[in-house]
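These notes are about the structure you will find just below.
Since every read-out is calculated from the coordinates, none of them should be taken as a lab result. Please read all numbers here as calculations on a predicted model, not as lab measurements. Quick reminder, even Gly has a Cβ in these numbers, built from the backbone with ideal geometry, and neighbours come from all protein chains shown.
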Amino acid sequence: MGTVTRIKTKTPSPYQITAIETDTHDTKTFRFELPADSTLDMLPGDFLYVHAMINGKAVKRPYTPSSVPNATGFFDLTVKRYETGVVSKYLHNQHIGDSVLISGPNPGGHWMDGMAKRVGFVAGGTGITPMISIIRWILAQRLDAELFLIYANKTNPDIIFRQEWARAMRDHPNFHCYHVLENPPADWREGTGRITTDSLRQHLPPPGPDTCIFLCGPPPMVDTLEAALKVLGYPEQTIILP
Ligand SMILES: Cc1cc2nc3c(=O)[nH]c(=O)nc-3n(C[C@H](O)[C@H](O)[C@H](O)COP(=O)(O)OP(=O)(O)OC[C@H]3O[C@@H](n4cnc5c(N)ncnc54)[C@H](O)[C@@H]3O)c2cc1C
């Protein structure tokens, strides 16, 4: 196999969109082209900046690639569109063949191989993007780790990568997933409302020397659940915020 070039840029560089997939009613995954023998120089959980000039003003927002970090020839960004959102709307207005200015990767709270044998993931909405990158990586590398995901959304149609979660549970006995919905359908059998201290206790591995917990979602959710995790006995350094 030839040498793989690892790409990292401080200045924004143009990347062309080669595919766009609709994930949910408001979320799309954009595939960006890299040279065939190149990959992003990142660990699972690191993030990029998307740059744009909107109404004469330079803006940038962070996005965590959802693709597996050693992918060559492409990387993916999964982006939820906010009606009043500046950059998310700009991205959703792009088409295949358009180029977008992107810089990075930049280090976020990331996964490093061997850092834990029991890994919890607590995600809300698009907070799932670093998680899927880390989970895809661990499962693809067949690393010795048991994974426990708690994923909160408003409704069933808001669940991003829904089929992949079901498939991962079928194919990988070391992957466990528990969904929590604020407004569940009538026949819903998993969590309802918000993620609570009780659901953390029941669906995450207990605190221990080989355990870490990734937590990502809207800031109020992260603040509340970080405090709840500490009360449950997870040491601060084992709670990772990508
Ligand atoms: C490290 C990091 C990684 C991220 N990765 C991703 C990712 O992979 N995919 C992704 O979709 N987003 C991700 N985000 C969020 C992203 O950076 C932007 O904040 C988001 O796309 C909104 O930007 P905007 O310019 O469209 O909205 P803005 O113009 O910044 O906000 C305008 C309005 O949009 C609404 N809004 C914006 N953000 C939120 C929110 N989080 N919850 C509720 N309402 C909101 C509010 O009404 C707000 O007033 C990440 C954030 C961080 C810090």
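Note the full-extension length gain between Glu236 and Thr18 as 0.36 nm times their separation in residues minus their Cα-Cα distance, in nm to one decimal.
74.4 nm
Would you calculate a helix-derived [θ] at 222 nm for the chain, using -39,500 (n - 2.57) for each DSSP H run of n ≥ 4 and dividing by the full residue count, to the nearest 500? Write out the running numbers ahead of the final one.
Details: 5 runs with 50 residues, N = 242.
The per-residue figure over the chain is -6000 deg cm²/dmol.
So how tilted is helix 219-231 from the main axis of the chain? Cα-based, degrees 0 to 90, rounded to 10.
Taking the Cα atoms of the chain, the angle to 219-231 is about 40 degrees.
Angle between the Cα long axis of helix 162-171 and the longest principal axis of the chain, 0 to 90 degrees, nearest 10?
Once rounded, the angle reads 60 degrees.
On a 0 to 90° scale, report how tilted helix 128-140 is relative to the longest principal axis of the chain, with both axes built from alpha carbons and the result rounded to the nearest 10.
80 degrees
Counting pairs on different chains as well as pairs 8 or more places apart, how many Lys pairs in segment 5-106 have Cα atoms under 19 Å apart?
So the count works out to 9.
What nm distance separates the two modelled labels at Lys57 and His25, each placed 7 Å from Cα along Cα→Cβ?
Distance between label points: 2.9 nm.
With labels modelled as points extended 7 Å from the Cα through the Cβ direction, what inter-label distance (nm, one decimal) is found for Tyr82 paired with Ala36?
That separation, rounded to one decimal, is 4.1 nm.
Roughly how many Å is it from the Cα centre of segment 31-68 to that of segment 155-208, as a whole number?
28 Å
Could you give the length gained by full extension between Gln163 and Ala186, i.e. 0.36 nm per residue of separation minus their alpha carbon distance, to one decimal place?
So the chain would gain 6.3 nm between Gln163 and Ala186.
Distance in nm between label sites at Glu226 and Arg201, each 7 Å beyond Cα in the beta-carbon direction?
That separation, rounded to one decimal, is 2.3 nm.
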